[in-house]
Amino acid sequence: MNAVMQKWWDELRAAGAVWQHSRDPRAPHVVLRSGRHSDGFIDTLQYLSAVRNLEAAAHALERELNFELRAGTVDWVFGSPMAGVPIATVVALQLRADHIAFTEKTGKDGKELVCRFDVPAGESVLCVEEMSTTGQTPQRSIDAIRARNPRARILPYVGAFLIRCANDPPELKDAKFVPVVSLPMLDIAFNEWPAEFCPLCRVGSRAIENCKRVWKDLLRTMEDPTHLVP
């Protein structure tokens, strides 16, 4: 087990950024944005919203990235909307990048991303995420940047504070993750199920949508499964 990663994970839990189902059917569980149900959820912004934590996380990510970049320069750092933008900004400063930018959500479901920045031909681009579950969002960011800037040099790395998937998931076709915290490396996994096959629903556990809006109440259910979540 990676002791440094474990320390970060312990800090996230202490900051109230991690919820796990108590295994008591009286406690609720969560519905993910994908519509799947899960017995665990991480809200990294509960930790990264503190400027001191954001700076420490960005510095740790910058160190990990430099192992891969091998003193190479980064001209542009892109963050994904919107939670990825703060850590991307601090990473850009620490990497001494020339530009900080971001992709934007578009479309009815907000899953399509668009780039409105013009990157000169040959300049290097690094994408940074605060967290990724599957790698789909950074790949959409890469696709959006490349669609507008076909001659930009997009680096084959995505910096991420935390990932719930492998470093090279199939959804991330054009890069690999460089994480500070990797749940697979810590042997930590949350279960996910299609709604119609959710075992927690079958035993009477209530499914909570948009769990961030009731985050403090949800955390209380880890200790008190009967606590009412609005």
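Each value in this text was obtained by applying a stated rule to the coordinates, not by laboratory testing. Keep in mind that this is a model prediction, so the values were computed, not measured. Note that each Cβ is placed from the backbone with ideal geometry, even for glycine, and that neighbours are counted across all protein chains shown.
Size descriptors for the range 183-228, from the alpha-carbon set: Rg then Dmax equal 12.7, 34 Å.
Rounded to the nearest Hz, the phi-derived 3J(HN,Hα) couplings of the range 112-123 under the Karplus curve 6.51 cos²θ - 1.76 cosθ + 1.60 (θ = phi - 60°) are 7, 10, 10, 10, 10, 9, 9, 9, x, 4, x, 6, where x marks glycine and proline.
With equal scatterers on the alpha carbons only and no solvent term, can you work out the Debye log10 of I(q)/I(0) for the range 60-146 at 0.15 1/Å? Debye curve over Cα of the range 60-146, log10 I(q)/I(0) at q = 0.15 Å⁻¹: -0.52.
Counting only helical runs of four or more DSSP H residues, what would the 222 nm mean residue ellipticity of the chain come to if each run contributes -39,500 (n - 2.57) and the total is spread over all its residues? For the chain, the value works out to -9000 deg cm²/dmol. Across all directions, the average projected area of the convex hull around the alpha carbons of the range 1-69 is 6.7 nm². Here's the list of lysines a cross-link from Lys108 could span, going by alpha-carbon distance under 22 Å and ignoring same-chain residues fewer than 8 apart: Lys212.
Note on the chain: GNM, Cα springs under 10 Å; of Glu129, Glu62, Glu112, the largest mean-square fluctuation is that of Glu112. Largest first, the three principal axis extents of the alpha carbons in the chain are 57, 39, 27 Å in whole numbers.
The P(r) of the range 117-230 has a tail past 18 Å containing 64 percent of all C-alpha pairs. For the chain, the longest principal axis of the Cα atoms and the long axis of helix 51-69 meet at an angle of about 50 degrees. The antiparallel fraction among DSSP beta bridges confined to the chain stands at about 30%. For the range 128-187, trypsin sites (Lys or Arg not before Pro) are listed when DSSP marks them as loop and at most 15 other Cβ atoms sit within 10 Å of their Cβ; the list is Arg151, Lys173.
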